[in-house]
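Chemist: One structure is given below, represented as structure tokens, and several questions about it will come after.
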Amino acid sequence: MPVRVRRSARARAFRLTIDSARGELRLSLPARANLKKALGWAQDHEAWVRAQMAQQPAVTRLEDGAVFPLEGREVRICWVAGATRTIRLEGDRLLLGGAAESVGARVERWLVARARAVLEMESHAIARDHGLIVASVGVGDTRSRWGSCAASGAIRYSWRLILAPPEVRRATVAHELAHLLHMDHSPAFHAAHRRIHGADPRPARTWLRTHGAGLHRYRA
């Protein structure tokens with residue numbers, strides 16, 4: 001299995017991690033460490049690596065015939081020879097033409113654009129309902145968090161929230177909006193989160209803990 005090696009001035013020991021989004025093994029080591037020794041150490045942990053990789057969800061490429069979740073429902077990608085490049089969502093099918101080899105990249109760009117539009121609209125609409133002001137809304141593809149809110153009022157989300165059920169996405173929006181009032185996770189924050197969401201947000205948190213990692217299996 002290929003290993004991506006990363007030297008770090010802050011690392012104090014060898015460390016192996018699995019990046020399930022990219023399906024790769026990463027080896028971190030101190031900046032001055034001996035690479036041959038580090039690779040030998042990693043080899044000694046082969047059993048652990050195999051066990052961890054066996055637990056990772058299989059990657060699903062966003063190509064013709066692939067099925068993926070869109071706002072919580074299953075959608076199938078259908079490439080149509082001779083059709084235009086424009087992507088159209090019709091029922092449970094995502095239709096597009098153009099070059100077959102670029103289907104994955106174009107579908108991913110379409111999903112990112114849809115996520116940005118939906119999350120921007122919902123963030124501003126819900127904020128207005130509660131007398132809050134959002135400075136800006138952006139999307140990215142981080143694994144460490146589903147959203148973040150800066151003191152400036154700039155909010156950023158994982159575009160993969162567009163794959164989750166709408167109630168999970170909106171609970172995440174309410175979470176970030178609550179940070180406009182409380183930049184912590186105090187009881188006051190949780191009360192604001194529930195008030196802005198208009199319902200108990202715990203089921204959404206549970207859904208993300210259970211299914212969130214699986215949303216990263218879909219890629220071009």
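Chemist: For the stretch 67-83, give me each residue that is within 29 Å of Glu167 (Cβ to Cβ) and either charged (D, E, K, R) or touching a residue at least 12 places away in the same chain (Cβ under 8 Å) (or both).
Modeler: Quick first cut of the stretch 67-83, residues within 29 Å of Glu167 (Cβ to Cβ) only: 67-78.
Scanning the stretch 67-83 gives Phe68, Pro69, Leu70, Glu71, Gly72, Arg73, Glu74, Val75, Arg76, Ile77, Cys78.
Chemist: Could you run through the stretch 172-186 and say how many residues are among the acidic types (Asp, Glu) and surrounded by 15 or more Cβ atoms within 10 Å (Cβ to Cβ)? Steps first, answer last, please.
Modeler: At the first step, the residues of the stretch 172-186 found to be among the acidic types (Asp, Glu) are 176, 184.
Subsequent filtering for residues that are surrounded by 15 or more Cβ atoms within 10 Å (Cβ to Cβ) retains 176.
Summing the residues that are among the acidic types (Asp, Glu) and surrounded by 15 or more Cβ atoms within 10 Å (Cβ to Cβ) in the stretch 172-186 gives 1.
Chemist: Would you confirm whether or not the stretch 92-113 contains a residue that is open to solvent by less than 70 Å² (accessible area, probe 1.4 Å), acidic (Asp, Glu), under 28 Å from Trp146 (Cβ atoms) and assigned to a helix (DSSP H, G or I)? Before the answer, list the steps.
Modeler: Residues of the stretch 92-113 that are open to solvent by less than 70 Å² (accessible area, probe 1.4 Å), as a first pass: 94-100, 102-108, 110-113.
Keeping just the survivors that are acidic (Asp, Glu) gives 108.
When the remaining residues are screened for being under 28 Å from Trp146 (Cβ atoms), the result is 108.
The next check asks that each one be assigned to a helix (DSSP H, G or I); those that pass are 108.
Yes.
Chemist: Among the residues of the stretch 36-67, which ones are in contact with a Lys or Arg (Cβ under 9 Å, 6 or more places away or on another chain) and either over 28 Å from Arg106 (Cα atoms) or hydroxyl-bearing (Ser, Thr, Tyr) (or both)?
Modeler: Scanning the stretch 36-67 gives a single hit, Thr60.
Chemist: If the Cβ limit is 7 Å and pairs must be 6+ apart or interchain, which residue in the stretch 93-106 that is β-branched (Val, Ile, Thr) pairs with which residue that is open to solvent by 40 Å² or more (accessible area, probe 1.4 Å)?
Modeler: Pairs that qualify, where the first residue is β-branched (Val, Ile, Thr) and the partner is open to solvent by 40 Å² or more (accessible area, probe 1.4 Å), are Val103/Glu63; Val103/Asp64; Val103/Trp79.
Chemist: Does Ala151 fit the bill of being over 18 Å from the mean Cα position of the chain (by Cα), surrounded by fewer than 13 Cβ atoms within 10 Å (Cβ to Cβ) and more than 24 Å from Arg202 (Cα to Cα)?
Modeler: Values: over 18 Å from the mean Cα position of the chain (by Cα): yes; surrounded by fewer than 13 Cβ atoms within 10 Å (Cβ to Cβ): yes; more than 24 Å from Arg202 (Cα to Cα): yes.
It is true that Ala151 is over 18 Å from the mean Cα position of the chain (by Cα), surrounded by fewer than 13 Cβ atoms within 10 Å (Cβ to Cβ) and more than 24 Å from Arg202 (Cα to Cα).
Chemist: Arg169 passes all but one of (1) of a type in the set (Lys, Arg); (2) touching a residue at least 60 places away in the same chain (Cβ under 8 Å); (3) open to solvent by 10 Å² or more (accessible area, probe 1.4 Å); which number fails?
Modeler: Every listed condition holds for Arg169 apart from (3).
Chemist: Sticking with this structure for a sec: Keeping to the stretch 140-155, report how many residues are in contact with a strand residue (DSSP E or B) (Cβ under 9 Å, 6 or more places away or on another chain) and within 19 Å of Gly214 (Cβ to Cβ). Please lay out each step first, then the result.
Modeler: Initially, the stretch 140-155 is screened for residues in contact with a strand residue (DSSP E or B) (Cβ under 9 Å, 6 or more places away or on another chain), giving 140-143, 145-150, 152-155.
With the extra rule that they be within 19 Å of Gly214 (Cβ to Cβ), the set shrinks to 140-143, 145-147.
Selection size over the stretch 140-155: 7.
Chemist: Which of the numbered conditions does Ala58 fail, given that it passes all the others? Conditions: (1) part of a loop (DSSP other than H, G, I, E, B); (2) of a type in the set (A, V, I, L, M); (3) more than 24 Å from Gly212 (Cα to Cα).
Modeler: (3)
Chemist: While we're looking at this one, here's another question. Just to be sure I understand, how many residues within the stretch 1-21 are loosely packed, with under 14 Cβ neighbours inside 10 Å and assigned to a loop (DSSP other than H, G, I, E, B)?
Modeler: The total comes to 6.
The values are calculated or read from the model by the stated rules, or taken from the named source; none is laboratory data. Here the structure is a predicted model, which means the values were calculated and not measured. Cβ: placed from backbone, ideal geometry, glycine included. Neighbour counts: every protein chain shown. Side chains are part of the model used for accessible areas, which takes the heavy atoms of the whole protein and leaves out ligands, DNA and RNA. Shrake-Rupley method; radii C 1.70, N 1.55, O 1.52, S 1.80 Å.
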